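Written out below as structure tokens is the structure these notes cover.
The values are calculated or read from the model by the stated rules, or taken from the named source; none is laboratory data. From a predicted model like this one, the values you see are computed outputs, not experimental measurements. Cβ atoms come from the backbone with ideal geometry, glycine included; neighbour counts cover every protein chain shown.
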Amino acid sequence: MNMKLLVVGAGTMGTGITQVAAEQGIEVVLYDFKPEQLAKTKKTINNFLQKKVDKGKLSSQEKEVVLKRIQLVEDLGDRVRQCDFVIEAIFENYEAKVQLFKQLDKVCNPEAILISNTSTLSISKMAEALQDPSRFMGMHFFSPVPVMRLVEVVRGEKTSAVTMEKGLKLVEALGKTGVVVKDIPGFLVNRINCLMYNEAARLVQAEVATAENVDKAMKLGMNHPMGPLEMIDMAGIDVALSALDALYEMTGNEAYKPAEILREMVNSGKCGRKSTVGFYNYKNQ
Ligand SMILES: NC(=O)c1ccc[n+]([C@@H]2O[C@H](COP(=O)([O-])OP(=O)(O)OC[C@H]3O[C@@H](n4cnc5c(N)ncnc54)[C@H](O)[C@@H]3O)[C@@H](O)[C@H]2O)c1
């Protein structure tokens with residue numbers, strides 16, 4: 001499929017989406033207002049592809065072809081007009097995202113599809129900022145993007161059928177599987193996963209079982225590849241806490257009210273792997 005993609009935000013998600021798109025033969029422009037982030041992205045993608053070369057999964061020539069499909073830019077300029085799709089992957093902040101989309105709305109090709117990779121914000125609400133909300137949709141990718149196969153394809157109240165169709169084609173072109181979901185807080189996966197994280201934390205808090213035993217039980221009893229507390233440590237306790245806070249606020253459902261232990265851990269700097277302590281200790285790893 002001949003398409004041109006603009007990705008905004010060269011963080012964890014933007015970098016992953018850019019890499020996957022380029023590997024799938026899609027021309028990508030990646031924009032971030034922080035040059036150091038772009039430099040980091042360049043290194044990350046290069047290292048990832050080099051590992052594939054070292055393993056014999058990619059030739060050096062193919063690696064160069066993939067890299068040539070990626071343009072890293074510090075300002076948007078005129079390039080935006082040529083893009084068929086824009087995927088926004090900036091900070092999870094409503095005001096920042098709306099401001100960006102208002103800007104994109106003015107400069108993008110009117111046929112272009114505007115997409116947010118938000119985890120928690122309402123697609124329908126964000127769409128209100130656009131002149132044409134029918135061309136706006138959500139695409140919730142999972143981290144690490146090159147590895148995870150699913151994309152939640154979010155239909156906002158005013159997303160048109162054509163936009164959904166084009167969006168699903170993009171997901172397919174990216175080599176991912178799209179699952180269409182309505183625009184509800186937490187979409188589908190986080191809606192379910194956050195409950196599991198929260199309940200697992202509550203069980204540890206109530207000393208029903210140790211973290212090790214909660215994880216062991218879910219791995220051996222449910223065939224989960226990782227336990228919920230190992231997962232929460234990997235995602236970041238702070239990230240899980242803010243997701244739960246947001247879901248609780250948006251749904252009013254007590255099941256999402258964060259377990260006290262999560263807030264206590266974040267307040268004492270125990271944010272999981274990245275801080276070397278979470279439900280487990282990673283100091284010697
Ligand atoms: N990290 C995850 O596991 C994950 C999974 C699914 C969805 N998401 C969502 O994806 C989005 C990005 O998350 P992330 O973890 O990659 O964030 P991140 O903090 O790693 O990266 C965000 C990047 O956006 C850039 N940025 C911020 N505002 C900008 C602007 N106005 N213009 C240009 N660049 C700007 C920052 O410089 C930074 O490089 C968030 O909405 C998040 O909720 C994250």
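Quick notes on this one:
- From the options Asp84, Asp105, Asp54, residue that is surrounded by 13 or more Cβ atoms within 10 Å (Cβ to Cβ), modelled with pLDDT of 95 or more, among the charged types (D, E, K, R) and more than 10 Å from the ligand (Cβ to nearest atom): Asp84
- Inter-residue pairs, beta-carbon under 7 Å, first more than 18 Å from Arg79 (Cβ to Cβ) and in the stretch 94-107, second of a type in the set (Gly, Ala, Ser) and more than 10 Å from the ligand (Cβ to nearest atom), 6+ apart: Val98/Ala129; Lys102/Ala129
- Scope the stretch 87-102; condition surrounded by 14 or more Cβ atoms within 10 Å (Cβ to Cβ), outside any loop (DSSP other than H, G, I, E, B) and either among the charged types (D, E, K, R) or at positive phi (or both); matching residues: Glu88, Lys97
- Sole residue being in contact (Cβ under 8 Å) with a residue 40 or more places away in the chain and more than 26 Å from the chain's Cα centre (by Cα), chosen from Ala243, Ala211, Ala206: Ala211
- Of residues in the stretch 1-51 being assigned to a loop (DSSP other than H, G, I, E, B) and within 16 Å of the ligand (Cβ to nearest atom), the one surrounded by the most Cβ atoms within 10 Å (Cβ to Cβ): Ala10
- Selected residue (criterion: nearest to the ligand (Cβ to nearest atom)) from residues of the stretch 126-145 that are exposed (fewer than 15 other Cβ atoms within 10 Å of the Cβ) and within 19 Å of the chain's Cα centre (by Cα): Ser143
Condition check ((1) under 17 Å from Asn281 (Cβ atoms); (2) charged (D, E, K, R)) across all residues:
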site	(1), (2)
Arg191	no, yes
Met196	no, no
Thr210	yes, no
Gly221	no, no
Gly236	yes, no
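- Any hit, the stretch 255-263, residues being within 19 Å of Pro144 (Cα to Cα) and either in the same structural domain as Met196 (by TED's automatic domain parsing) or touching a residue at least 24 places away in the same chain (Cβ under 8 Å) (or both): no
- Checked against (1) within 16 Å of the ligand (Cβ to nearest atom); (2) of a type outside the set (S, T, N, Q); (3) more than 21 Å from Gly186 (Cα to Cα); (4) surrounded by fewer than 20 Cβ atoms within 10 Å (Cβ to Cβ), Arg149 passes all but condition (3).
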